[in-house]
Amino acid sequence: MKKFCCVLLALLPVSAFAYPIDVEKEYTGVQIDYTSHDTDYDMGAITLNNYGTVDAQCVVVFSNGPEAPRTRRVSVLAKKSVDVSAKFSRSIIKLRIKLTCEPK
(Lines give C-alpha, C1' and ligand atoms only; values in the text may rest on other atoms or scores of the structure.)
Protein backbone atom coordinates (compact mmCIF):
# COMPACT_ATOMS: atom_id res chain seq x y z
CA MET A 1 0.00 0.00 0.00
CA LYS A 2 2.86 2.38 0.78
CA LYS A 3 4.40 1.75 -2.65
CA PHE A 4 1.08 2.49 -4.34
CA CYS A 5 0.78 5.81 -2.47
CA CYS A 6 4.35 6.77 -3.37
CA VAL A 7 3.72 6.08 -7.06
CA LEU A 8 0.48 8.07 -6.97
CA LEU A 9 2.19 11.04 -5.33
CA ALA A 10 5.05 10.88 -7.83
CA LEU A 11 2.61 11.15 -10.76
CA LEU A 12 0.80 14.23 -9.45
CA PRO A 13 3.27 16.85 -10.77
CA VAL A 14 3.16 15.26 -14.23
CA SER A 15 -0.59 15.67 -14.51
CA ALA A 16 -0.71 19.14 -12.97
CA PHE A 17 0.42 20.95 -16.13
CA ALA A 18 -1.80 19.09 -18.59
CA TYR A 19 -4.68 21.04 -20.13
CA PRO A 20 -6.67 20.40 -23.32
CA ILE A 21 -5.62 22.14 -26.53
CA ASP A 22 -8.03 22.60 -29.45
CA VAL A 23 -6.52 23.56 -32.81
CA GLU A 24 -8.67 24.97 -35.62
CA LYS A 25 -6.69 24.89 -38.86
CA GLU A 26 -7.24 26.54 -42.22
CA TYR A 27 -4.71 25.84 -44.99
CA THR A 28 -4.74 27.26 -48.50
CA GLY A 29 -2.21 25.78 -50.93
CA VAL A 30 0.44 24.77 -48.38
CA GLN A 31 1.46 21.50 -46.75
CA ILE A 32 1.67 22.41 -43.06
CA ASP A 33 1.55 20.07 -40.09
CA TYR A 34 1.53 21.06 -36.44
CA THR A 35 2.26 19.75 -32.96
CA SER A 36 0.79 21.57 -29.95
CA HIS A 37 2.50 21.69 -26.56
CA ASP A 38 1.39 22.56 -23.03
CA THR A 39 4.66 24.21 -22.07
CA ASP A 40 3.72 25.59 -18.65
CA TYR A 41 0.59 26.33 -16.62
CA ASP A 42 0.29 29.79 -18.24
CA MET A 43 2.10 29.23 -21.55
CA GLY A 44 1.16 27.35 -24.71
CA ALA A 45 3.16 26.58 -27.84
CA ILE A 46 2.78 25.06 -31.28
CA THR A 47 5.40 23.76 -33.72
CA LEU A 48 4.66 24.32 -37.41
CA ASN A 49 6.30 22.03 -39.99
CA ASN A 50 6.24 22.98 -43.67
CA TYR A 51 6.52 19.84 -45.82
CA GLY A 52 5.79 21.66 -49.09
CA THR A 53 8.05 23.28 -51.66
CA VAL A 54 6.72 26.83 -51.17
CA ASP A 55 7.19 29.16 -48.22
CA ALA A 56 4.12 29.73 -46.03
CA GLN A 57 2.86 32.78 -44.18
CA CYS A 58 0.93 31.76 -41.05
CA VAL A 59 -1.18 33.55 -38.47
CA VAL A 60 -1.54 31.81 -35.09
CA VAL A 61 -4.14 33.07 -32.59
CA PHE A 62 -3.93 31.74 -29.02
CA SER A 63 -7.13 32.09 -26.91
CA ASN A 64 -7.51 31.37 -23.21
CA GLY A 65 -10.99 32.15 -21.99
CA PRO A 66 -11.68 35.76 -21.01
CA GLU A 67 -8.17 37.06 -21.72
CA ALA A 68 -7.39 38.93 -24.93
CA PRO A 69 -6.23 36.59 -27.71
CA ARG A 70 -2.52 36.58 -28.54
CA THR A 71 -1.79 36.80 -32.29
CA ARG A 72 1.52 35.69 -33.79
CA ARG A 73 2.47 36.05 -37.47
CA VAL A 74 5.26 33.78 -38.68
CA SER A 75 6.87 32.78 -41.95
CA VAL A 76 7.65 29.08 -42.37
CA LEU A 77 10.23 28.37 -45.05
CA ALA A 78 9.87 25.31 -47.28
CA LYS A 79 11.08 22.09 -45.61
CA LYS A 80 11.61 23.93 -42.27
CA SER A 81 9.83 24.22 -38.92
CA VAL A 82 9.04 27.11 -36.56
CA ASP A 83 8.06 27.21 -32.88
CA VAL A 84 5.41 29.72 -31.83
CA SER A 85 4.41 30.39 -28.21
CA ALA A 86 2.19 32.66 -26.12
CA LYS A 87 2.23 33.48 -22.42
CA PHE A 88 -0.91 34.42 -20.52
CA SER A 89 -1.38 36.19 -17.20
CA ARG A 90 -3.66 33.44 -15.81
CA SER A 91 -3.49 29.68 -15.62
CA ILE A 92 -4.69 27.99 -18.79
CA ILE A 93 -7.73 25.78 -18.33
CA LYS A 94 -8.37 25.15 -22.04
CA LEU A 95 -6.25 26.57 -24.86
CA ARG A 96 -7.75 27.25 -28.26
CA ILE A 97 -5.43 27.87 -31.21
CA LYS A 98 -6.58 29.11 -34.62
CA LEU A 99 -4.02 28.41 -37.34
CA THR A 100 -4.32 30.05 -40.76
CA CYS A 101 -1.66 29.48 -43.44
CA GLU A 102 -1.30 30.49 -47.08
CA PRO A 103 1.53 30.59 -49.64
CA LYS A 104 3.92 33.50 -49.33
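Values for this structure:
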item: Filter result (more than 9 Å from the chain's Cα centre (by Cα), modelled with pLDDT under 95 and hydroxyl-bearing (Ser, Thr, Tyr)) within region 33-69; result: Tyr41
item: Near pairs, Cβ below 6 angstrom, 6+ apart or cross-chain, from region 92-104 (farther than 14 Å from Asp42 by Cα) to any residue that is modelled with pLDDT under 95; result: Cys101/Tyr27; Glu102/Thr28; Pro103/Gly29
item: Of all residues making up region 51-91, the number that are in contact with a strand residue (DSSP E or B) (Cβ under 7 Å, 6 or more places away or on another chain), without any contact (Cβ under 8 Å) to a residue 24 or more places away in the chain and of a type outside the set (Val, Ile, Thr); result: 4
item: Enumeration of residues in region 33-62 that are of a type in the set (Asp, Glu), assigned to a strand (DSSP E or B) and within 14 Å of Cys101 (Cβ to Cβ); result: Asp33
item: Number of the condition not met by Val30 [criteria: (1) assigned to a loop (DSSP other than H, G, I, E, B); (2) modelled with pLDDT of 95 or more; (3) of a type outside the set (Lys, Arg); (4) exposed (fewer than 12 other Cβ atoms within 10 Å of the Cβ)]; result: (4)
item: Subset of region 75-101 [within 25 Å of Gly65 (Cβ to Cβ) and among the hydroxyl-bearing types (Ser, Thr, Tyr)]; result: Ser85, Ser89, Ser91, Thr100
item: Residue list for region 48-102, filter: over 17 Å from Glu26 (Cα atoms) and buried (at least 19 other Cβ atoms within 10 Å of the Cβ); result: Asn64, Ala86, Phe88, Ile92, Leu95
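Condition check ((1) in contact with a Phe, Trp or Tyr (Cβ under 6 Å, 6 or more places away or on another chain); (2) among the polar types (S, T, N, Q)) across all residues:
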residue	(1), (2)
Gln31	yes, yes
His37	no, no
Asn50	no, yes
Val54	no, no
Ser63	no, yes
Thr71	no, yes
Val84	no, no
Ile92	yes, no
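The values are calculated or read from the model by the stated rules, or taken from the named source; none is laboratory data. Note that the structure is predicted; figures quoted are calculated from it, not measured. In this analysis, Cβ positions are derived from the backbone assuming ideal geometry, glycine residues included, and neighbour counts consider all displayed protein chains.
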